[in-house]
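Report on one structure; see the data block that follows.
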Amino acid sequence: MPLSPKDIEVPRTPVELSAFVESIRLRAQRDSKERELGHLKKGCYKQFFDEVVPLARFAHRMYPPEYTVTPKLGNQGYDAEIHDPRGNLVERVEMANPIDGKETASIARELVKQGYGGFRAGDPGDDVEEHISIIAQVAKKKAIKDYSDATVVFKVNGSKPFEGFEKRFSEQLVAISAAISSAGLNAKRVFLLLPIGCIPEVMQVL
């Protein structure tokens, strides 16, 4: 059966949420119809990939193993609630996944049509560089809203820095942090979720 809101909005520990994400990936590998829905981000797959997948990474690195993470679909102004073992609300989390919509849709169509896509020529770090302006735009949009009771997490899309290009990546993170800071977000805390393999993978901005 296709992924449903009921599947997503189950309270899970950080480990359980990571396992759930992996189970959906494996399910899509076995089911071509579900894999196509995932590539095209149809139904609940848009929220799953844009919100739940990065949320699982963030929660795994930020919260104690006995906490519970509950993804929330809808327009309530946050994407998840975090509770301690006694059921007390610890915080709310808003996931920001700044992407180039046209590029993402193009890659999705390539994946569905030929099984691969997204190959682009360029120097190491160009992918992150291209997303800085997109992150700045998203930050300005989010600055209009009130996130004073929520932690906002910006996912930095791109590859981890190649050996020899660490300095460029560090400079890019400074530029991203400055763009978010200057946007004037009214948030409890703001973090960057860095590409997989970066140390650290989570960095606080505000």
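Laboratory data are not the source of any read-out in this text; all were calculated from the coordinates shown. Predicted model only: the values in this text are computed from it and were never measured. Virtual Cβ from ideal backbone geometry, glycine too; neighbours counted across all protein chains shown.
In this model, which of LYS42/LYS167; LYS46/LYS142; LYS41/LYS167; LYS167/LYS188; LYS46/LYS167 are farther than 28 Å apart at the alpha-carbon?
As for pairs spanning more than 28 Å Cα to Cα, those are LYS42/LYS167; LYS41/LYS167; LYS167/LYS188; LYS46/LYS167.
Can you give the longest run of the chain that contains no chymotrypsin sites (Phe, Trp or Tyr not before Pro) sitting in a DSSP loop with at most 12 other Cβ atoms inside 10 Å?
Answer - 1-115.
Of GLN204, THR70, CYS44, which is farthest towards the positive pole of the chain's charge dipole, taken about the Cα centre with +1 and -1 on the beta-carbons of Lys, Arg and Asp, Glu respectively?
After comparing all options, I get CYS44.
Find how much the distance from ASP31 to LYS167 grows on full extension, using 0.36 nm per residue of separation minus their present alpha carbon separation; answer in nm with one decimal.
44.8 nm
How about segment 125-206: which GluC sites (Glu not before Pro) there are in a DSSP loop, with at most 13 other Cβ atoms within 10 Å of their Cβ?
Those that pass, being in a loop and sparsely packed, are GLU163.
Could you list the square roots of 5 times each eigenvalue of the Cα gyration tensor of the chain, that is, the equivalent ellipsoid semi-axes, sorted largest first and rounded to whole Å?
Computed over the chain, the values are 25, 24, 16 Å.
Given +1 on the Cβ of Lys and Arg, -1 on the Cβ of Asp and Glu, and no further charges, what dipole in debye does the chain carry about its Cα centre, rounded to the nearest 20?
The calculated dipole for the chain is roughly 460 debye.
Ignoring trypsin sites (Lys or Arg not before Pro) that are buried or in helix or strand per DSSP, and keeping those with at most 13 other beta carbon atoms within 10 Å, what is the longest stretch of the chain between them?
Formally, the longest exposed-site-free interval is 121-206.
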